[in-house]
Amino acid sequence: MSRHDDLELLQIDMRSCTRCLDAGHSVTVGAVFSGTVGAHVMLVGQAPGPTEAASGIPFCGPSGRRLFRWLADVGWQEDGFRTTQYITAITKCFPGKGKGGRGDRVPTAGERRLCAPFLDRELDLVAPQLVLAVGGAAIARFLGSGPLDARVGQAFHVGDRTVVPLPHPSGANLWLNRPESQARLRQAQALLRNLREGESL
């Protein structure tokens with residue numbers, strides 16, 4: 001069986017998974033991801049939002065529009081990126097709204113553990129050269145815990161791949177309002193531009 005076939009079977013398993021719901025977590029079941037084997041880049045977010053859960057398309061809501069503006073500045077246009085690269089998340093289902101209705105709920109440690117084997121398998125089968133870790137949960141998955149200020153604007157070598165952290169593009173992310181944070185984001189974009197041009201990513 002080919003890696004392509006294996007990934008298709010994995011994606012079927014992800015779409016039908018009810019592990020979090022069975023464990024008592026409040027999620028909207030329905031895995032959201034896109035892409036196939038051979039992608040040079042894997043974009044890993046935190047979890048789908050309500051727009052993504054309804055459409056089945058990753059990063060298609062307001063946060064996604066902001067993210068793809070960042071990537072367009074690097075040289076990746078949204079349509080081309082979506083058709084050639086792989087997009088997924090730490091947890092595959094919409095976790096629901098956060099307390100007070102501000103932003104989406106961050107997946108719990110338990111939810112992340114239940115979903116972790118799926119991401120591990122995606123990484124094995126897609127075998128990306130570059131991982132774009134978007135938001136604190138995704139960054140922690142690859143680099144461990146640590147402040148955004150020490151991560152965004154740098155590239156990290158993890159095993160045989162490069163990990164570039166990016167802040168969460170949500171409008172609820174107040175970190176992005178700081179001038180020094182915006183400077184770090186521009187550093188990350190410049191780094192990605194160089195990686196893309198130098199390695200044909």
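Within 10 Å, count the other beta carbons around each residue, average over each peptide in 83-93, 156-166, and list them highest first.
Descending packing order for the listed peptides: 83-93, 156-166.
So if I place +1 on the C-beta of Lys and Arg and -1 on the C-beta of Asp and Glu, and nothing else carries charge, what would the dipole magnitude of the stretch 93-201 be about its Cα centre? I want it in debye, nearest 20.
Dipole magnitude for the stretch 93-201 comes out near 460 debye.
When only C-alpha pairs under 8 Å and at least 6 residues apart count, what is the relative contact order of the chain, in percent?
Relative contact order comes out at 24 percent.
What's the exposure ranking of L125, L67, going from fewest to most Cβ atoms within 10 Å?
Ordered by Cβ neighbours within 10 Å, fewest first: L125, L67.
Is the stretch 1-150 rounded, prolate or oblate when judged by the Cα gyration tensor, a ≥ b ≥ c being the square roots of its eigenvalues, rounded requiring a/c under 1.5 and prolate requiring a/b larger than b/c?
The shape class here is rounded.
Dipole of the stretch 3-199 (Lys/Arg Cβ +1, Asp/Glu Cβ -1, origin at the Cα centre): which of G171, C60, V41 lies farthest to the positive side?
The residue sitting most towards the positive pole is G171.
Could you run the Karplus curve 6.51 cos²θ - 1.76 cosθ + 1.60 with θ = phi - 60° over the stretch 52-59 and give me ³J(HN,Hα) per residue in whole Hz, x for Gly and Pro?
For the stretch 52-59, the Karplus-derived couplings read 5, 4, 6, 9, x, 10, x, 6 Hz, x marking Gly and Pro.
What shape does the stretch 69-121 take by its C-alpha gyration tensor, where a ≥ b ≥ c are the square roots of the eigenvalues and a/c under 1.5 counts as rounded, a/b above b/c as prolate, and the rest as oblate?
Taking the square roots of the gyration eigenvalues as a ≥ b ≥ c, the stretch 69-121 is oblate.
Between E8 and S26, what length comes free when the chain is fully extended (0.36 nm per residue of separation minus the Cα-Cα distance, one decimal in nm)?
Between E8 and S26, full extension yields an extra 3.8 nm.
Could you give the length gained by full extension between R178 and S55, i.e. 0.36 nm per residue of separation minus their alpha carbon distance, to one decimal place?
Between R178 and S55, full extension yields 41.0 nm more.
How would you classify the stretch 102-187 from its alpha-carbon gyration tensor, with a ≥ b ≥ c the square roots of the eigenvalues: rounded for a/c under 1.5, else prolate if a/b is greater than b/c, otherwise oblate?
Oblate is the answer for the stretch 102-187, as a/c is 1.5 or above yet b/c matches or exceeds a/b.
Can you compute the charge dipole magnitude of the chain about its Cα centre, using +1 on each Lys and Arg Cβ and -1 on each Asp and Glu Cβ, nothing else charged? Give it in debye, rounded to the nearest 20.
760 debye
Bear in mind these aren't lab numbers, they're just calculated from the coordinates by the rules spelled out. Keep in mind that what you see is a predicted model, and the values were worked out from it rather than measured. Cβ coordinates were reconstructed from backbone atoms using ideal geometry, including for glycine residues, and neighbour counts include every protein chain displayed.
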